[in-house]
1. Would you pick out the residues in region 96-127 that are among the hydroxyl-bearing types (Ser, Thr, Tyr) and touching a strand residue (DSSP E or B) at 6+ places or on another chain (Cβ under 8 Å)?
2. Regarding residue 72, is this residue among the aromatic types (Phe, Trp, Tyr) and touching a Lys or Arg at 6+ places or on another chain (Cβ under 9 Å)?
3. Residue check, residue 116 against (1) open to solvent by 70 Å² or more (accessible area, probe 1.4 Å); (2) modelled with pLDDT of 95 or more; (3) among the small types (Gly, Ala, Ser), all met but one. Which one?
4. Among the residues of region 41-49, are any out of contact with any Leu (no Cβ under 8 Å at 6 or more places or on another chain), part of a helix (DSSP H, G or I) and modelled with pLDDT under 60?
5. Taking region 105-130, which residues are touching a His at 6+ places or on another chain (Cβ under 8 Å) and closer than 14 Å to residue 74 by Cβ?
6. For region 113-120, indicate whether the set of residues that are among the acidic types (Asp, Glu) and under 19 Å from the mean Cα position of the chain (by Cα) is non-empty.
7. Can you tell me which residue is least open to solvent (accessible area, probe 1.4 Å) among those in region 79-91 that are out of contact with any His (no Cβ under 7 Å at 6 or more places or on another chain) and not aliphatic (A, V, I, L, M)?
8. Of the residues 128, 57, 95, only one is hydroxyl-bearing (Ser, Thr, Tyr), at pLDDT 95 or above and open to solvent by 30 Å² or more (accessible area, probe 1.4 Å); which?
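The values are calculated or read from the model by the stated rules, or taken from the named source; none is laboratory data. Keep in mind that what you see is a predicted model, and the values were worked out from it rather than measured. Here Cβ is always computed from backbone atoms with ideal geometry, including for glycine, and neighbour counts include all displayed protein chains. Accessible surface is based on the protein model in full, side chains and every heavy atom, while ligands, DNA and RNA are left aside. Shrake-Rupley method; radii C 1.70, N 1.55, O 1.52, S 1.80 Å.
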Amino acid sequence: MPAPRGTGARDSGRIAATGTAKKPAPVDPNTLAAQLLTAPPTAPEPAPFDRGPPFATDTEEIVAGWAKHLPYSDVRQLAHAIDAGAPITVDYVATSGNRTVRTLSRLELDPPYLEAWCHLREDDRVFTLSRIHGVMSPVPE
């Protein structure tokens, strides 16, 4: 039989409310405006690699796991292009070591590969995610 209320509440893991909630301190609008004006123009990027916020989508997590050379902003951009079916331009290092810039569309993720239509070769190609070293918006043709 449980103990009556008020006796042993701390022992059972319950925490009793004490008083009323504190009112937040008033914020001076001038101080707040000054802080906003001196803030960096963009928010710092989250870093899920370093215990930051979790990935926004499963695709981001998969891409990040295979494309280790990419910063988080590029992982997000590539994952979004895959999920949205949007074209993307990548900086790719071939097995020969040659760097090339490719605009890709019809993206299909098949880890550790990215299957896509390559606009340069005008053919379906397979790209190894770990060889993608940069991502940018597609270059207009």
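1. In the first step, residues of region 96-127 are kept if they are among the hydroxyl-bearing types (Ser, Thr, Tyr); the result is 96, 100, 103, 105, 113.
Result: 100, 103, 105, 113.
2. Criteria not met by residue 72.
3. Going through (1) open to solvent by 70 Å² or more (accessible area, probe 1.4 Å); (2) modelled with pLDDT of 95 or more; (3) among the small types (Gly, Ala, Ser) one by one, residue 116 breaks only (1).
4. yes
5. Within region 105-130, 130 is the sole residue that qualifies.
6. Restricting attention to region 113-120, the residues satisfying the condition of being among the acidic types (Asp, Glu) are 115.
Checking which are under 19 Å from the mean Cα position of the chain (by Cα) leaves us with none.
Checked region 113-120: no residue is among the acidic types (Asp, Glu) and under 19 Å from the mean Cα position of the chain (by Cα).
7. Among those that are out of contact with any His (no Cβ under 7 Å at 6 or more places or on another chain) and not aliphatic (A, V, I, L, M), it is 89.
8. Sole residue among the options that is hydroxyl-bearing (Ser, Thr, Tyr), at pLDDT 95 or above and open to solvent by 30 Å² or more (accessible area, probe 1.4 Å): 128.
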